[in-house]
Amino acid sequence: MNFLLSNSSKRRAYRWHQGLTLLALSSISTFCAMAAPVISTQATALDSVAAKTMPANLNEAESEILPAHHNAEQANKYKPVVYQIFTRLYGNKNTTNKPWGTIRENGVGKFNDIDDTALKSIKDLGVTHVWYTGVPHHALIGDYSAIGVSHDDPDVVKGRAGSPYAVKDYYNVNPDLAVDPTKRLLEFQALIERTHKQGLKVIIDIVPNHVARNYHSIIKPEGVRDFGEDDNQALEYAKHNNFYYVIDKQQSSGFQVPDLPESLKPLGGEPHPLSDGQFKEIPAKWTGNGSRLAKPDMNDWYETVKINYGVRPDGSHDFPALPPRYATLGAEQHYAFWQQHSHELPNSWIKFNQIAQYWLAMGVDGFRYDMAEMVPVEFWSYLNSHIKHSHPEAFILAEVYNPALYRDYIQLGKMDYLYDKVDLYDTLKAIMAGQKSTAQIAADQAKVHDIDSHMLHFLENHDEQRIANAAFLGNLTGNTSTDGVDPRYALPAMVVSATLSTSPTLIYFGQEVGEAATQNLGFGHASRTSIFDYAGVPAHQRWMNQGKFDGGQSTTAEVALRAYYQKLLNLSTGKNAPALLGQYDSLDAANRSAVSAAKANNKTNNGSATGYDDATFAFVRFEANTANNKGQKLIIVSNFSQTQAKLFSLKLPQSLITQWQLTDATYPLKDLLEHHAAQLIVEQGEGQVLLQLAPLSSAIFELAH
């Protein structure tokens, strides 16, 4: 979701603003009552990995992607890696980056820029799915009147290029993205075909909670009605109204543009015929984040209006209740339930199913849902079961930030995946900032042990600050800088994030080459790549190298960083490391116990005692033994410290050694990620690995039987 001041910490405050609590939660929810300093370039364990780039044809010998299975009960064929492209920015070769620059001044990427060469470079990273962000036609400041598109008012558009989360027409695509705007849908369809040709799946956004204030589709299919087209605007609420209306007599003058500071004036204060501090909307509609004020606050999502899903203003529901037992039933049973109640569904439910089916029929393979928890769980049961009925392998990812609702949205709402933001992402940031122990990783994983395969892991996306910007950790450490820093400090976190479970990994374009987002380009602020304005992305542009996508302009450090990501992500899919599709077991508790025992016996860290500490983390991933196959066994260990090497004896407890069916012996270990040499010694049924890790180093050891 887009935020006015690009401050992700505002999510929680926004969500409950103006009584939104009652609207955001379904009745089903009651069922489950461093600042980062620049890192020295001295030789470390990373350097030997980074010195060699990965071969360009890494995946050529691999077969086409197998169908995904998104339920925990089903065996995964691979672990998805999702590459998020901000489509407007990805192919832009213009490096001007003038604040509030026009499309002519700063340039814009096109669908056609994401050609076979670009897609092959993405595929080589280990990617399985591409999330094209900002595809549906959203409000923007530009003149497309020649093709029948109405002008958008700068007073209700964030930035010049506009927020991708203020959708204006769900049946068309952003005309900025097309070489020929009259053929923009055809150009997007061609991109879908190119993406599929590379063996990649296509994901786009659906923003169910809100639409642009001036929503109007100019090519909607026959029989489809616009949002609000048939609303009774004299009522604050009606079941089949698509919007809520402000009918308070004290606010009867209609919508009023919020008061904005000079720094956020439309178009940076530049004159524009429609920029007059007014937008005609009588009666005013509720704002997207739930504000019921005719004049919303500057921190409200004032450029959008909230969709009505049959939740009355008092929070009660005007749609059938989904029985709690459906948490244990599959999508087809959910589909059958809603078929039986089809005549009772609010109109907005039908409209969004029409939208989803439209894009699926065009070849899109799945969706990322914006702010899904602001929409009732019952609606998700309806929509997702209809999607799975027509396209069983569709990939469904949702932005949800309330851990208390995770199981509702997965089990009742039939989501495939949710963001693991509030626990794992936040924990990894705190560890990198030196404010939490790595022990919290195991604790976070234990919280979701029953749904871990559904929790998508990430360190960057369009809402979050860039790893390579000091502000990424600055809100934890008090550093206010937005300067660039060496992004390698996050590599241990990336290793853990990508290998901890069978859940997908998300990478944001530019992350793999250390994009730092140090420029203020208009409505957004430095530390996040702008999603509101026309811009170039410098580190990515250097890798893009005028369309060659070969790193020809990249620095040595950028090429080395990408090589590390490429090796890690290709491992993470499990295609060549099947243990990453298998079981997980933490080694953290056992090794912390060993630390305590060593201290009690006054042992020193000389190789005979453990040096495992709050900056190290270890776990195993493994396949179960069978009669014909002992299964792959992996030992994964990371050192999060930026300055201290770690020498320790890693303990594998007897219970694990027994499960792995290992006898007393010495077993060679092969590091699949870096270059560490080690061996597993099993004595009296307990395993030990004597290991030294340089600062910011990780190992993925494969046990040789």
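Some points to look at:
- Scanning the range 660-686 for residues that are open to solvent by 80 Å² or more (accessible area, probe 1.4 Å) and either acidic (Asp, Glu) or assigned to a loop (DSSP other than H, G, I, E, B) (or both) turns up 661, 663, 664, 675, 683, 684.
- Listed by first and then second residue, the pairs linking a residue in the range 613-632 that is of a type in the set (D, E, K, R) to a residue that is open to solvent by less than 60 Å² (accessible area, probe 1.4 Å) and in a loop (DSSP other than H, G, I, E, B), with Cβ atoms under 7 Å apart and 6 or more places separating them unless they lie on different chains, are 614/437; 614/438; 621/582; 623/582; 623/631; 623/632.
- Residue within the range 508-518 that is farther than 20 Å from residue 118 by Cβ and buried (at least 21 other Cβ atoms within 10 Å of the Cβ) present: yes
- Test: residue in the range 453-475 that is modelled with pLDDT under 95 and farther than 29 Å from residue 377 by Cα: yes
- Any hit, the range 440-457, residues being over 14 Å from residue 499 (Cα atoms), small (Gly, Ala, Ser), under 18 Å from the mean Cα position of the chain (by Cα) and surrounded by 21 or more Cβ atoms within 10 Å (Cβ to Cβ): no
Residues are listed down the side, and each one gets a yes or a no for (1) touching a Lys or Arg at 6+ places or on another chain (Cβ under 7 Å); (2) under 24 Å from residue 579 (Cβ atoms); (3) of a type in the set (S, T, N, Q); (4) at pLDDT below 85:
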residue: 604; (1), (2), (3), (4): no, no, yes, yes
residue: 631; (1), (2), (3), (4): no, yes, no, no
residue: 640; (1), (2), (3), (4): no, yes, no, no
residue: 643; (1), (2), (3), (4): no, no, yes, no
residue: 650; (1), (2), (3), (4): no, yes, no, no
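- Subset of the range 567-580 that is open to solvent by 10 Å² or more (accessible area, probe 1.4 Å) and of a type outside the set (A, V, I, L, M, F, W, C) - its residue that is nearest to residue 698 (Cα to Cα): 567
- Which numbered condition residue 250 misses (of (1) part of a loop (DSSP other than H, G, I, E, B); (2) surrounded by fewer than 16 Cβ atoms within 10 Å (Cβ to Cβ)): (1)
- Every residue from the range 386-419 that is of a type outside the set (A, V, I, L, M, F, W, C) and assigned to a helix (DSSP H, G or I): 386, 388, 389, 390, 403, 406, 407, 408, 409, 411
- Looking across the range 290-325, just one residue is open to solvent by less than 40 Å² (accessible area, probe 1.4 Å), in contact with a Phe, Trp or Tyr (Cβ under 7 Å, 6 or more places away or on another chain) and over 24 Å from residue 240 (Cα atoms), and that is 296.
- Counting residues in the range 398-415 that are modelled with pLDDT of 95 or more, open to solvent by less than 10 Å² (accessible area, probe 1.4 Å) and among the charged types (D, E, K, R) gives one or more.
- Residue within the range 144-158 that is more than 24 Å from residue 300 (Cβ to Cβ) and modelled with pLDDT under 95 present: no
- Being of a type outside the set (D, E, K, R) and touching a helix residue (DSSP H, G or I) at 6+ places or on another chain (Cβ under 7 Å) is a description that does not apply to residue 647.
- Test: residue in the range 532-545 that is charged (D, E, K, R), open to solvent by less than 10 Å² (accessible area, probe 1.4 Å) and within 28 Å of residue 160 (Cα to Cα): yes
- Of all residue pairs spaced 6 or more apart or on separate chains, those with beta-carbon atoms under 6 Å, a first member in the range 240-251 that is more than 12 Å from residue 346 (Cβ to Cβ) and at pLDDT below 95 and a second member that is in a loop (DSSP other than H, G, I, E, B) and open to solvent by less than 90 Å² (accessible area, probe 1.4 Å) are 251/294.
- Residues in the range 360-385 that are crowded, with 23+ Cβ neighbours inside 10 Å and part of a helix (DSSP H, G or I): 12 in all.
- Remark: pairs (first residue in the range 140-153, more than 19 Å from residue 171 (Cβ to Cβ); second residue at pLDDT 95 or above and buried (at least 18 other Cβ atoms within 10 Å of the Cβ); Cβ separation under 6 Å; 6+ apart in sequence or on different chains) = 141/154; 141/157; 141/160; 153/279.
- Near pairs, Cβ below 8 angstrom, 6+ apart or cross-chain, from the range 200-220 (closer than 30 Å to residue 82 by Cα and surrounded by 23 or more Cβ atoms within 10 Å (Cβ to Cβ)) to any residue that is modelled with pLDDT under 95 and charged (D, E, K, R): none
- The listed residues are 273, 261, 266, and the only one of them that is open to solvent by less than 30 Å² (accessible area, probe 1.4 Å) and more than 30 Å from residue 350 (Cβ to Cβ) turns out to be 266.
- Restricted to the range 148-233, the set of strands (runs of 3 or more DSSP E) holding at least 3 residues that are more than 21 Å from residue 118 (Cα to Cα) comprises 167-173, 210-212.
- Single residue of 238, 234 found to be small (Gly, Ala, Ser), open to solvent by 30 Å² or more (accessible area, probe 1.4 Å) and within 30 Å of residue 317 (Cα to Cα): 234
The values are calculated or read from the model by the stated rules, or taken from the named source; none is laboratory data. Owing to the predicted nature of the structure, the values given are computational and were not obtained by experimental measurement. Here the Cβ is made from the backbone with ideal geometry for all residues, glycine too, and neighbour counts use every protein chain on show. Areas reflect the complete protein model, heavy atoms only, side chains present, ligands, DNA and RNA absent. Shrake-Rupley method; radii C 1.70, N 1.55, O 1.52, S 1.80 Å.
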